[in-house]
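The values are calculated or read from the model by the stated rules, or taken from the named source; none is laboratory data. This one's a predicted model, so the numbers in the text were calculated from it and none came from an experiment. Reconstructed Cβ throughout: ideal geometry from the backbone, glycine too, with neighbour counts over all protein chains shown.
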């Protein structure tokens, strides 16, 4: 088995492979299409057959797909000291031989197909913009300090400029937010966060429902990634019509010194 860069004449093979299950390779496709200058894709090849793929985005985010042997070979070619890494669940032992997790989750990819939605918008969200970056960052940091604790206002401002954000205001303050990135083969809800004092009021359901409505106008199906132990979020997404599709290992980790 050999490792090859997609840029070395393998783009046609890449597309033939990922188009068999594009949702499984969602960020491979999206990042390559939208941000190729920051995206590297590597293939584990056995003859002319692809056994696995690796996405490296911005020298910080790594995603792996494929057989155990392919994942091991691909991971051996990574020299990054700190990563946010996603891999098949059955490859956790391989991953942790190379990286020591500081945060470890099981991630569930859920999908919603057009015609299966059960949208419930009881509190009407409004479109948010870059001027709302400070409030959005604060809600995210407080909603999940472990994962979003270091979110910067400038980072949110850029996201509010480039992706579709909705929010719910109460007494003039934003109390619930969500965003989506639209793509022709499927659109992903990336953030859903609600002020802790305003939970169990249906705000998250309204945000997700409104985002789904926007997605289904443009590019069904709708996707969302959620931690497997986040039962309240899974209940909301399931209520709107999402169904589990794939499970992955997700870690933030540092390279183990040899």
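Scanning region 131-167 for residues that are surrounded by fewer than 16 Cβ atoms within 10 Å (Cβ to Cβ) and within 21 Å of residue 215 (Cα to Cα) returns 158, 161, 162, 163.
Is at least one residue of region 112-123 outside any loop (DSSP other than H, G, I, E, B), on the phi < 0 side of the Ramachandran plot, in contact (Cβ under 8 Å) with a residue 24 or more places away in the chain and not assigned by TED's automatic domain parsing to the domain that holds residue 197? Steps first, answer last, please.
Step one: of region 112-123, the residues outside any loop (DSSP other than H, G, I, E, B) are 112.
Next, from what is left, pick out any that are on the phi < 0 side of the Ramachandran plot: 112.
Applying the additional criterion that residues be in contact (Cβ under 8 Å) with a residue 24 or more places away in the chain yields 112.
Among the residues that remain, those that are also not assigned by TED's automatic domain parsing to the domain that holds residue 197 are: 112.
Within region 112-123, one or more residues are outside any loop (DSSP other than H, G, I, E, B), on the phi < 0 side of the Ramachandran plot, in contact (Cβ under 8 Å) with a residue 24 or more places away in the chain and not assigned by TED's automatic domain parsing to the domain that holds residue 197.
Please work out if residue 6 is in contact (Cβ under 8 Å) with a residue 24 or more places away in the chain, over 21 Å from residue 250 (Cα atoms), surrounded by 17 or more Cβ atoms within 10 Å (Cβ to Cβ) and in contact with a helix residue (DSSP H, G or I) (Cβ under 6 Å, 6 or more places away or on another chain). When the stated conditions are applied, residue 6 passes them. One residue is enough: does region 87-99 have a residue meeting the conditions more than 20 Å from residue 16 (Cα to Cα), in a strand (DSSP E or B), modelled with pLDDT under 95 and touching a helix residue (DSSP H, G or I) at 6+ places or on another chain (Cβ under 8 Å)? Taking every residue of region 87-99 in turn, none turns out to be more than 20 Å from residue 16 (Cα to Cα), in a strand (DSSP E or B), modelled with pLDDT under 95 and touching a helix residue (DSSP H, G or I) at 6+ places or on another chain (Cβ under 8 Å).
Number of residues in region 215-238 that are modelled with pLDDT under 95, closer than 18 Å to residue 122 by Cα and surrounded by 14 or more Cβ atoms within 10 Å (Cβ to Cβ) equals 2. Step by step: first the residues of region 28-51, then only those that are closer than 20 Å to residue 67 by Cβ and out of contact with any strand residue (DSSP E or B) (no Cβ under 9 Å at 6 or more places or on another chain), then the one that is modelled with the lowest pLDDT. Which residue is that? So the residue we want is 48. If you go through region 62-75 and keep only what is in contact (Cβ under 8 Å) with a residue 24 or more places away in the chain and assigned to a helix (DSSP H, G or I), you end up with 68, 69, 70, 71, 73, 74.
Only residues that are under 21 Å from residue 229 (Cα atoms) and either in contact (Cβ under 8 Å) with a residue 24 or more places away in the chain or crowded, with 16+ Cβ neighbours inside 10 Å (or both) were counted in region 77-94, giving 8.
Can you confirm whether region 27-39 contains a residue that is over 21 Å from residue 89 (Cβ atoms) and not in a helix (DSSP H, G or I)? Show your work before the answer.
Of region 27-39, the ones over 21 Å from residue 89 (Cβ atoms) are 29-39.
Those still in the list that are not in a helix (DSSP H, G or I) too: 35, 39.
Yes: one or more hits.
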